[in-house]
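The values are calculated or read from the model by the stated rules, or taken from the named source; none is laboratory data. Note that this is a predicted model, so its numbers are computed, not measured. Cβ: placed from backbone, ideal geometry, glycine included. Neighbour counts: every protein chain shown.
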Amino acid sequence: RILIIDFGSQVTQLIARRVREAGVFSEVVPYDVGSDFIRDYAKDGSLKGVILSGGQNSVTDDDTPRVPQIVFELGVPVLGICYGMQAMADQLGGKVENGKVREFGYAEVRARNHTRLLEGIADFVTADGANMLKVWMSHGDKVTEIPPGFTVMLSNDSCPIAGMADESRKFYALQFHPEVTHTVQGKAIINRFVHDICGAKADWNMPDYVSEAIEAIRKKVGKDDVILGLSGGVDSSVAAALIHRAIGDQLTCVFVDHGLLRLNEGKMVMDMFAKNLGVKVIHVDASEQFMGQLAGVTDPEEKRKIIGREFVEVFQTEAGKIKNAKWLAQGTIYPDVIESAGKGKKGQTIKSHHNVGGLPDTLNLQLLEPLRELFKDEVRELGLALGLPREMVYRHPFPGPGLGVRILGEVKKQYADLLREADAIFIEELWNTPSDTVNDRGEAISWYDATSQAFAVFLPVKSVGVMGDGRTYEYVVALRAVQTQDFMTAHWAHLPHELLGRVSNRIINEVRGINRVVYDISGKPPATIEWE
Ligand code: XMP
């Protein structure tokens, strides 16, 4: 396996994903995990190499992060990327200077010496026989003197030391980002590092993972019973399918219907899990209780708190009835684990994200989190390997408070019913309309797959319309569709006008009570993805 030391770059997780795509298990830890952790981690010999991520700081400042010195003493190859390269240069006796201008965007760099890392890897070859790489740069500082033992590996006019190597110690460093797709040969470089230089075997694959994960779950829970809060979302669904495969009837799922689910969602979840897979699912219809508590409440944060609190209460009551349960299973995935470990992160809470599944520890249950090691795309792959349908595994994320944050202001059943219908029409049209993006087999993917999240929002204001000969005075629905990598920033999706027109016509014709449809063209920031 490969250890990635995180200096806070936005794209650190991409490094881990690229390494895993190369078939090698990799983990991300914050730069301040401590030497003991790293020493222990390397003890059994399975650690084959370390990658140092980028970051926003400057090593020319004294109090900025450094590489734990032990990394250079483990005897395994090290690859520094961007800030990782600068920290490496600084700590091993080179020099880093504050660049006067930031270099950001595409660049071409020239290979200077033959190194094992880059041998035979090039986008093109110059007339004088030099290998050239097209890369993505994003840095202010640069290395101006290489440490003893190193040679210059890459350079260009604005960055004379764009890469350096000490082949005897197998230390390599790149000023650009090989993990982003803009660096054309990035994948080849990462493959070369993990396989040829680190000698890591490509043994990280889904079929093996499934059998190992099943074994691990059986070993962990033994004959105990397990409870899982099923939400219909990808993570809890895949966790349920995996745990059921491992321990069958020892698993009981609790599916709380708060009345704020999408159209037919309850039935869909019950059909898939209870009927098709034979999982024990307790379906609790608590919609009246939720609606009652939400009556008259208009403040978004207040609504979230109520939904969160009621959810926990309902779940605890049901869980309390399962007498032999010793474990609470959750669909926590690897990015959640990294986020909560990365201390240095400034992340500000813009909205209190109540995740259904985030339960208090008063249940006295031990946590079972079988997806803790997986990235979202790996969770999806696992879901498919377990036989879950593609539509479920590739579903857009849906917030824990459900339609509660998509009905502006006070939540009423009448509003939720109208919204469900409008939303279903929008989603159906997105599914059925091919986009301008193709998959790796060259087929056009649907607009549903081409967007990261799409939904309708209910606006409790009435506007005047005309239908047939009559005047109408009815509610408004807003459509929202965004494209994003990480949901921290997002662009509004440029859906074709014909598609929007069709959705609008259908909603106004088919949903009685809606006479106007608008499209949200705000990015995040400054808007958020949800309206509340
Ligand atoms: P925003 O609206 O903050 O949303 O741009 C970012 C992502 O988070 C989801 N979201 C939530 N998920 N509980 C959740 O479980 C919440 O309260 C919540 N609020 C927003 C949102 O759907 C989007 O994917």
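Name every residue in the range 246-264 that is assigned to a helix (DSSP H, G or I) and either surrounded by fewer than 19 Cβ atoms within 10 Å (Cβ to Cβ) or β-branched (Val, Ile, Thr) (or both), in order of residue number.
Of everything in the range 246-264, those that are assigned to a helix (DSSP H, G or I) and either surrounded by fewer than 19 Cβ atoms within 10 Å (Cβ to Cβ) or β-branched (Val, Ile, Thr) (or both) turn out to be Ile247, Gly248, Asp249.
Can we say Asn505 is among the polar types (S, T, N, Q), loosely packed, with under 12 Cβ neighbours inside 10 Å and more than 16 Å from the ligand (Cβ to nearest atom)? Spell out how you get there, then give the answer.
Values: among the polar types (S, T, N, Q): yes; loosely packed, with under 12 Cβ neighbours inside 10 Å: no; more than 16 Å from the ligand (Cβ to nearest atom): yes.
Judged against the criteria, Asn505 is not a match.
Do the conditions hold for His177, that is, is it over 20 Å from Thr151 (Cβ atoms), assigned to a loop (DSSP other than H, G, I, E, B) and modelled with pLDDT of 95 or more?
yes
Restricted to the range 511-529, and to residues that are within 11 Å of the ligand (Cβ to nearest atom) and touching a strand residue (DSSP E or B) at 6+ places or on another chain (Cβ under 8 Å), which residue is nearest to Arg406 (Cα to Cα)?
By that ranking, first place goes to Ile529.
Go through Arg471, Arg502 for me and flag whichever is farther than 30 Å from His258 by Cβ and touching a strand residue (DSSP E or B) at 6+ places or on another chain (Cβ under 9 Å).
From the options Arg471, Arg502, the qualifying one is Arg471.
Taking the conditions exactly as written (farther than 30 Å from Val297 by Cβ, more than 16 Å from the ligand (Cβ to nearest atom) and of a type outside the set (Lys, Arg)), does Gly468 satisfy them or not?
Taking the combined requirement at face value, the residue satisfies it.
All but one of (1) within 16 Å of the ligand (Cβ to nearest atom); (2) over 20 Å from His258 (Cβ atoms) hold for Val457; which doesn't?
The one condition Val457 does not meet is (2).
Please enumerate the residues belonging to the range 147-156 that are of a type in the set (A, V, I, L, M) and surrounded by 21 or more Cβ atoms within 10 Å (Cβ to Cβ). It would help to see each step written out before you state the result.
Restricting attention to the range 147-156, the residues satisfying the condition of being of a type in the set (A, V, I, L, M) are 152-154.
Within the range 147-156, Met153, Leu154 qualify.
Please find, among Lys95, Lys100, the residue that is modelled with pLDDT of 95 or more, within 26 Å of Gln10 (Cα to Cα), basic (Lys, Arg) and in the same structural domain as Arg20 (by TED's automatic domain parsing).
Checking each option against the conditions leaves just Lys95.
Scan the range 480-501 for residues that are over 29 Å from Gln10 (Cβ atoms) and surrounded by 11 or more Cβ atoms within 10 Å (Cβ to Cβ) and jot them down.
Correct list: Pro496, Leu499, Leu500, Gly501.
Filter the range 476-502 down to the residues that are of a type in the set (A, V, I, L, M) and within 16 Å of the ligand (Cβ to nearest atom), then identify the one that is farthest from Ser435 (Cα to Cα).
It comes out as Met488.
What is the one condition in (1) among the aliphatic types (A, V, I, L, M); (2) more than 24 Å from Gly409 (Cα to Cα); (3) not in a loop (DSSP other than H, G, I, E, B) that Val518 does not satisfy?
(2)
Kindly establish whether Phe398 is surrounded by fewer than 18 Cβ atoms within 10 Å (Cβ to Cβ), within 12 Å of the ligand (Cβ to nearest atom) and either assigned by TED's automatic domain parsing to the domain that holds Ala239 or not β-branched (Val, Ile, Thr) (or both).
No.
Considering only residues that are exposed (fewer than 14 other Cβ atoms within 10 Å of the Cβ) and hydroxyl-bearing (Ser, Thr, Tyr), look in the range 157-208 and name the one that is farthest from Asp90 (Cα to Cα).
Thr181
So how many residues does the range 116-146 have that are surrounded by fewer than 20 Cβ atoms within 10 Å (Cβ to Cβ) and either at positive phi or not in a strand (DSSP E or B) (or both)?
Qualifying residue count, the range 116-146: 12.
Among (1) within 14 Å of Ile514 (Cα to Cα); (2) among the acidic types (Asp, Glu); (3) surrounded by fewer than 16 Cβ atoms within 10 Å (Cβ to Cβ), there is one condition Glu421 misses while meeting the rest; what is its number?
(3)
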